[in-house]
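What follows is a short report on a single structure.
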There are 2 protein chains.
Amino acid sequence: MSNPTAAMLVIGDEILSGRTRDSNMFHLAGVLAGRGIDLREVRVVADDRAAIVAAVRALAAGYDHVFTSGGIGPTHDDITAEAVAAAFDTPIAVREDARAILVAHYDRQGTELNAARLRMARIPDGAVLIENPISAAPGFSLRNVHVMAGVPAIFEAMVASLMPRLTGGRPVLSQSLRIHRGEGEIAGPLTALAAAHGALSFGSYPFVKDGVFGATVVVRGEDGGAVEAAIAELAALFPDDIG
Amino acid sequence: MSNPTAAMLVIGDEILSGRTRDSNMFHLAGVLAGRGIDLREVRVVADDRAAIVAAVRALAAGYDHVFTSGGIGPTHDDITAEAVAAAFDTPIAVREDARAILVAHYDRQGTELNAARLRMARIPDGAVLIENPISAAPGFSLRNVHVMAGVPAIFEAMVASLMPRLTGGRPVLSQSLRIHRGEGEIAGPLTALAAAHGALSFGSYPFVKDGVFGATVVVRGEDGGAVEAAIAELAALFPDDIG
């Protein structure tokens, strides 16, 4: 059986405007790789309802899971929950279980649960809440779409809350080798190696360091012994250029 | 006249597997913002021909420009040029002007232009080359799709080569204000401010620092004076919480 597939949808003007460098994509990719869930695609769209609705529909239809980050806070530009509900033609309103979580949190803090904050208790019908151990306001899973916050610390905590609910697959194991030769020298032998090990995937990621070209070759597969054997073969081809 | 629109397509298993944290998206977003070209969407797909073809077609049809990064080197997993050509049903083959660039470069280095390296001279019919001042092998623009390397230093150099060819728009100016109050306190006044300044866009980006919640509010627009005035109004609303 092949592994579950996934896509991520980052909702964030701040990424598209160049103000912020994404870190949630990098975090989620690492978590999913360790769980045997294959992240196949990421999209970044603006805080724009039509763009979010279209992306949610396309990704939810194409992959087993969709993970979203961003746009679920209390301000006017937080429109993700509404847009995800709209993508599935699902009603959304303040839900009592979510409201109770916010009431308890703001009571503890001695802070008012005002109208803006109450927006964070709006949850689509039939969604399952995702716990937020940092700032309380929950995320939610609606069908195969998991809606989480954009602040990295909160996103990461929500991912940790959600993961035990998802069925993983066989983690993909990987090993890499840095070869201090131009990719043009590596390409031929690597093609032959890839052809000889059809169950593994071989990626070559060039780098430039101190003006010298090299490439990191990454071998990935479910069979750790096979990955190790392929790396050993590769290393033997470039005995003087490894490290 | 509104600004030109753009999308970016990142081709990279290494991003999706969690091995590498993207930096090209962040770089391009900043460059485009400064040129008045509106980056509206980013997609990240795997080194998979069908996925690249589908994404190129969708994005090229939806935006004025598409910028791709990754997958144009000499190894077997470098399939971007072929896939972009296929997306437009355009023939692709080694082109003499591209070959001449490689011949000159490898001659200078005293390195053999072998079959793998010659793959980097495969250019779709009708494409315009994008200069690569670092490692010579060129990128190209086919219609509205600009194909560049994935190694950050080379990607950035190619972006710099390409930009003078593109017509920009009015750069979007932005100013930001860090407010040390929870977003729930900021939301109400910010909504009113946004309603009063319809020509500007207001984004609120929460942060957690040393256990304290705050938000960076970003005001964006083409009129610098209007942006400044809105920031001043906002600052006056939270006189004790700015910094």
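The values are calculated or read from the model by the stated rules, or taken from the named source; none is laboratory data. Note that this is a predicted model, so its numbers are computed, not measured. In this analysis, Cβ positions are derived from the backbone assuming ideal geometry, glycine residues included, and neighbour counts consider all displayed protein chains.
Restricting attention to region B:34-70, the residues that are free of Cβ contacts under 8 Å to residues at least 24 places away in the same chain and more than 30 Å from A:Phe202 (Cα to Cα) add up to 1.
Scanning region B:195-215 for residues that are in contact with a Pro (Cβ under 8 Å, 6 or more places away or on another chain) and at pLDDT 90 or above yields a total of 2.
Might you check whether a residue that is modelled with pLDDT under 95, part of a loop (DSSP other than H, G, I, E, B) and among the hydroxyl-bearing types (Ser, Thr, Tyr) occurs anywhere in region B:85-101? No; the residues of region B:85-101 include none that is modelled with pLDDT under 95, part of a loop (DSSP other than H, G, I, E, B) and among the hydroxyl-bearing types (Ser, Thr, Tyr).
Confirm whether A:Val31 is facing chain B (nearest Cβ under 8 Å), touching a residue at least 60 places away in the same chain (Cβ under 8 Å) and under 21 Å from A:Ser174 (Cβ atoms). Yes, satisfied.
Scanning region B:39-51 for residues that are crowded, with 22+ Cβ neighbours inside 10 Å and within 16 Å of A:Arg19 (Cβ to Cβ) yields B:Leu39, B:Val42.
Screening region A:119-138 for residues that are assigned to a helix (DSSP H, G or I) and of a type in the set (A, V, I, L, M) and picking the one that is nearest to the other protein chains (Cβ to nearest Cβ) gives A:Met120. Where helices (runs of 4 or more DSSP H) fall entirely within region A:1-84, those with at least 3 residues that are more than 21 Å from B:Ala58 (Cα to Cα) and modelled with pLDDT under 95 are at A:24-35. Might you check whether a residue that is within 24 Å of A:Glu222 (Cβ to Cβ), aliphatic (A, V, I, L, M), in a loop (DSSP other than H, G, I, E, B) and more than 7 Å from chain B (Cβ to nearest Cβ) occurs anywhere in region A:181-193? No: region A:181-193 contains no residue that is within 24 Å of A:Glu222 (Cβ to Cβ), aliphatic (A, V, I, L, M), in a loop (DSSP other than H, G, I, E, B) and more than 7 Å from chain B (Cβ to nearest Cβ).
Are any of the residues in region B:136-156 at pLDDT 90 or above, crowded, with 16+ Cβ neighbours inside 10 Å and over 30 Å from B:Ala54 (Cβ atoms)? Within region B:136-156 (the criterion being at pLDDT 90 or above, crowded, with 16+ Cβ neighbours inside 10 Å and over 30 Å from B:Ala54 (Cβ atoms)), the answer is yes, since at least one residue qualifies. Restricting attention to region A:208-226, the residues being part of a strand (DSSP E or B), in contact (Cβ under 8 Å) with a residue 24 or more places away in the chain and either touching a helix residue (DSSP H, G or I) at 6+ places or on another chain (Cβ under 9 Å) or more than 12 Å from chain B (Cβ to nearest Cβ) (or both) number 9. Return a yes/no flag: does region B:204-216 have any residue that is within 30 Å of B:Asn132 (Cβ to Cβ) and hydroxyl-bearing (Ser, Thr, Tyr). No, region B:204-216 has no match at all.
Picking from B:Glu183, B:Glu131, which residue would you name as being assigned by TED's automatic domain parsing to the domain that holds B:Val227 and free of Cβ contacts under 8 Å to residues at least 40 places away in the same chain? Being assigned by TED's automatic domain parsing to the domain that holds B:Val227 and free of Cβ contacts under 8 Å to residues at least 40 places away in the same chain holds for just one of B:Glu183, B:Glu131, which is B:Glu183.
The number of residues in region A:203-235 that are over 21 Å from B:Pro74 (Cβ atoms), of a type outside the set (Asp, Glu) and exposed (fewer than 15 other Cβ atoms within 10 Å of the Cβ) comes to 4. In region B:91-118, the residue that is surrounded by the fewest Cβ atoms within 10 Å (Cβ to Cβ) out of those that are within 12 Å of chain A (Cβ to nearest Cβ) and aliphatic (A, V, I, L, M) is B:Ala115.
On the stretch given as region A:79-90, residues that are within 14 Å of chain B (Cβ to nearest Cβ) and either surrounded by fewer than 24 Cβ atoms within 10 Å (Cβ to Cβ) or more than 24 Å from A:Glu14 (Cβ to Cβ) (or both) total 1. The set of residues in region A:139-180 that are of a type in the set (A, V, I, L, M, F, W, C), away from chain B (no Cβ under 13 Å) and not in a strand (DSSP E or B) comprises A:Met158, A:Ala160, A:Leu162, A:Met163, A:Leu166.
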